[in-house]
Amino acid sequence: MSNRLEAVVADIVEGIRGALMKHDVTFDEYRQGIGYIMKTVEAGELPLMIDAFLNTTICQIENRNFGGSTSTLEGPYFLDDAPFVEGALKTYEDDRHEPLLLRGRVLDLAGAPVADAIIDVWHSTPDGHYGGFHNNIPRDFYRGKLRTDAAGGYEVRTTVPVAYKIPDQGPVGALLEAMGRHSWRPAHVHYKVRAPGFHTLTTQAYFEGGEYVDSDCCEGVHSELIHADVRESGIKVIETDFELAPALAHAAAAA
Ligand code: MBD
Ligand code: FE
């Protein structure tokens, strides 16, 4: 058996060495880089930093190796212990809330319904924060698990999320801004869809015309994940069918 760990780490190191060489990085800058990483760890933002730069690459690999719906960023705010919810996610009472209905079906690659699939849904508050992470918002707010019915269907009410700014007081937002980039993600709803025998699908929904849809700082937007402004009796609806691939990876990844 080949040593996969050795192979991957050696190539990562080689890639970093190439970048350092290319830019004549000085010893002083090298020490500053280490200091920056230390600060990021202390601020609890290391997962955020890595996700901002590399999560989308892992998703590209998933999309290359599995069929089914397009996968995109999990991001740093998924909580696996979110409770099952019926009808609606728990949210605050907030004048800024705009109601949102999420619904659709979970299907296999042949289009047959997948019953009893579990869908985690999570998204931001109307001021761009996540339950369990920011401002003492309870862990079970703006997130929950759904179970698909016999027809593979799911439906839940919640509120429209807003664009998310990676905080610029923290090391990650500060880095992006110092690089001359912005630190915004377009408004999005997160989903993680799981069912026995299927490859887990992690994805998001975006809003057509929304701010930053064309310039996500984490590069997680795919055109097929952008939803038009559909309304039923005035209520915004995102209808998404999730197609799950079989659990087995493409030969290239499984080898
Ligand atoms: C988010 O909300 C997110 O989804 C990602 C990918 C990165 C930072 C914040
Ligand atoms: Fe997010």
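Is at least one residue of segment 125-134 in contact (Cβ under 8 Å) with a residue 60 or more places away in the chain and either surrounded by 14 or more Cβ atoms within 10 Å (Cβ to Cβ) or in a loop (DSSP other than H, G, I, E, B) (or both)? No, segment 125-134 contains no residue that is in contact (Cβ under 8 Å) with a residue 60 or more places away in the chain and either surrounded by 14 or more Cβ atoms within 10 Å (Cβ to Cβ) or in a loop (DSSP other than H, G, I, E, B) (or both).
On inspection, Thr91 fails the criterion of being open to solvent by less than 10 Å² (accessible area, probe 1.4 Å), touching a residue at least 40 places away in the same chain (Cβ under 8 Å), on the phi < 0 side of the Ramachandran plot and assigned by TED's automatic domain parsing to the domain that holds Pro186.
Filtering Asp116, Asp108, Asp81, Asp28 for residues that are farther than 30 Å from Gly234 by Cβ, more than 16 Å from ligand 2 (Cβ to nearest atom) and outside the structural domain of Phe242 (by TED's automatic domain parsing) leaves a single hit, Asp28.
Can we say Thr202 is within 16 Å of ligand 2 (Cβ to nearest atom), touching a helix residue (DSSP H, G or I) at 6+ places or on another chain (Cβ under 8 Å), assigned by TED's automatic domain parsing to the domain that holds Arg96 and of a type in the set (Ser, Thr, Tyr)? The answer is yes for Thr202. Just one of the listed residues (Glu155, Glu177) is open to solvent by 20 Å² or more (accessible area, probe 1.4 Å), within 16 Å of ligand 1 (Cβ to nearest atom), assigned by TED's automatic domain parsing to the domain that holds Arg105 and not in a loop (DSSP other than H, G, I, E, B), and it is Glu177. Could you please find all residues in segment 94-107 being of a type in the set (D, E, K, R), surrounded by fewer than 19 Cβ atoms within 10 Å (Cβ to Cβ) and in contact (Cβ under 8 Å) with a residue 60 or more places away in the chain? Within segment 94-107, Asp94, Glu98, Arg103 meet the criteria. Out of curiosity, is Val189 within 14 Å of ligand 2 (Cβ to nearest atom), modelled with pLDDT of 95 or more and buried (at least 17 other Cβ atoms within 10 Å of the Cβ)? Judged against the criteria, Val189 is a match. Just wondering, is there one or more residues in segment 142-152 that are assigned by TED's automatic domain parsing to the domain that holds Asp116 and farther than 22 Å from Ala117 by Cα? The answer is no; no qualifying residue exists.
Considering Leu102, Leu79, the condition of being assigned to a loop (DSSP other than H, G, I, E, B) and under 21 Å from Leu201 (Cα atoms) is satisfied by Leu79 alone.
Checked against (1) under 18 Å from the mean Cα position of the chain (by Cα); (2) hydrophobic (A, V, I, L, M, F, W, C); (3) in a loop (DSSP other than H, G, I, E, B), Ile137 meets all criteria but (1).
The values are calculated or read from the model by the stated rules, or taken from the named source; none is laboratory data. What you see is a predicted model; the values in this text were computed from it and never measured. Neighbour counts run over all protein chains shown; Cβ positions are idealised from the backbone, glycine included. Note: accessible area is taken over every heavy atom of the protein model, side chains too, but ligands, DNA and RNA are not part of it. Shrake-Rupley method; radii C 1.70, N 1.55, O 1.52, S 1.80 Å.
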